[in-house]
Amino acid sequence: MRILLVGPPGVGKGTQAALLQQRHGALHISSGEIFRTEMKAETELGKLAKSYMERGELVPDEVTIRMMATRLDTPEVREKGFILDGFPRTVAQAQALDEWFGQKGVALDAVIALEAGDDEVVRRLSGRLTCRQCGAIYHRDNHPPQVPGVCDACGGELYVRKDDREETIRERLRVYHETTKPVIGYYEQQGIVRRIEALEVESTYAKIKAALGL
Ligand code: AMP
């Protein structure tokens, strides 16, 4: 399986990618999660990414593309395939990825475009909780953990991402409409986009499965 998940922040890309990894074995690769790990480790890349992420802006293309090429260029990714979540987020990133795939002889199976309205996305992000340790995602109302503040999967501490605060959410949505939505148009020219309305977790997952013929 070699697919991309695109869509606005909070639409459920991370949740669906994690399910696909669990149930189909391809690797869930999230650019945001890689940046957060680098931030936690206080690496040079992490420090650079932090300033952009906290404002809801995109990390520059050059840095992001280099990081993702390194992540994708491993025997494990070649063997198991991937579900890319949050990358590419600009047309320049999509072009760079295509070029890289061309060099490696890789073809994408599909681009899944998850759709939800702005108000719904804001509602979902405002209640989102993320595990500090493993990155698992919960929601205060829709998908609460069994023990408040504790990750069901690994026992890690749950926290509200700094960029999940109201004013940053609006900026991330603005960036999505302006810069990331054109990525869907880019892949539409290749005829590989499947648009899916992302409502509830399991029904969205069923639609993704059907779209991929799984
Ligand atoms: P996410 O976890 O996908 O919501 O990403 C969180 C933040 O990481 C974004 O708001 C950006 O600041 C940064 N980021 C993640 N992926 C990318 C990307 N492909 N290009 C640029 N910045 C990114």
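The values are calculated or read from the model by the stated rules, or taken from the named source; none is laboratory data. Fair warning: this is a prediction, and the values are worked out from it, not measured in the lab. Here Cβ is always computed from backbone atoms with ideal geometry, including for glycine, and neighbour counts include all displayed protein chains.
List the residue pairs whose Cβ atoms are under 7 Å apart, where the first residue sits in the range 90-105 and is touching a residue at least 12 places away in the same chain (Cβ under 8 Å), the second is charged (D, E, K, R) and within 14 Å of the ligand (Cβ to nearest atom), and the two are 6 or more positions apart or on different chains.
Pairs that qualify, where the first residue is touching a residue at least 12 places away in the same chain (Cβ under 8 Å) and the partner is charged (D, E, K, R) and within 14 Å of the ligand (Cβ to nearest atom), are T90/D61; A92/D61; Q93/D61.
So, T130, is that one under 18 Å from S30 (Cα atoms), within 12 Å of the ligand (Cβ to nearest atom), without any contact (Cβ under 8 Å) to a residue 60 or more places away in the chain and in a strand (DSSP E or B) or not?
Values: under 18 Å from S30 (Cα atoms): yes; within 12 Å of the ligand (Cβ to nearest atom): yes; without any contact (Cβ under 8 Å) to a residue 60 or more places away in the chain: yes; in a strand (DSSP E or B): yes.
So T130 passes the test.
Search the range 178-203 for residues that are without any contact (Cβ under 8 Å) to a residue 24 or more places away in the chain and pair each with any residue that is in a helix (DSSP H, G or I) and of a type outside the set (D, E, K, R) when their beta-carbon atoms are under 9 Å apart and the residues are at least 6 apart or on different chains.
That search, which allows pairs on different chains as well, returns G185/V91; E202/L19.
Which condition breaks for P60 when tested against (1) crowded, with 16+ Cβ neighbours inside 10 Å; (2) at pLDDT 95 or above?
Condition not satisfied by P60: (1).
Look through K40, K47 and report the one residue that is among the basic types (K, R), surrounded by fewer than 19 Cβ atoms within 10 Å (Cβ to Cβ), over 23 Å from R128 (Cβ atoms) and touching a helix residue (DSSP H, G or I) at 6+ places or on another chain (Cβ under 8 Å).
Within the list K40, K47, the selection yields K47.
Can you tell me which of L58, L84 is touching a residue at least 40 places away in the same chain (Cβ under 8 Å), assigned to a loop (DSSP other than H, G, I, E, B) and within 12 Å of the ligand (Cβ to nearest atom)? Lay out the reasoning, then the answer.
Working: L84 fails: assigned to a loop (DSSP other than H, G, I, E, B).
Residue meeting the stated conditions: L58.
One residue is enough: does the range 47-65 have a residue meeting the conditions within 17 Å of V6 (Cα to Cα), of a type in the set (S, T, Y) and touching an Asp or Glu at 6+ places or on another chain (Cβ under 6 Å)?
no
Taking helices (runs of 4 or more DSSP H) that do not extend beyond the range 163-214, which have at least 2 residues that are within 16 Å of the chain's Cα centre (by Cα) and within 16 Å of F87 (Cα to Cα)?
On the way: elements: 166-175, 181-188, 201-212.
Where helices (runs of 4 or more DSSP H) fall fully within the range 163-214 and carry at least 2 residues being within 16 Å of the chain's Cα centre (by Cα) and within 16 Å of F87 (Cα to Cα), they are 166-175, 181-188.
Of the residues I137, I169, I208, only one is in contact with a Lys or Arg (Cβ under 9 Å, 6 or more places away or on another chain) and within 16 Å of the ligand (Cβ to nearest atom); which?
On the way: I169 fails: in contact with a Lys or Arg (Cβ under 9 Å, 6 or more places away or on another chain); I208 fails: within 16 Å of the ligand (Cβ to nearest atom).
One residue alone meets the criteria, I137.
Within the range 1-25, can you find the residues that are in a loop (DSSP other than H, G, I, E, B) and either without any contact (Cβ under 8 Å) to a residue 12 or more places away in the chain or buried (at least 20 other Cβ atoms within 10 Å of the Cβ) (or both)? Before the answer, list the steps.
Kept after step one, since they are in a loop (DSSP other than H, G, I, E, B), are these residues of the range 1-25: 1, 7-12, 25.
Passing the criteria: G7, P8, P9, G10, V11, G12.
Which condition breaks for V77 when tested against (1) of a type in the set (V, I, T); (2) closer than 25 Å to G191 by Cβ; (3) assigned to a loop (DSSP other than H, G, I, E, B)?
Status for V77: all satisfied but (3).
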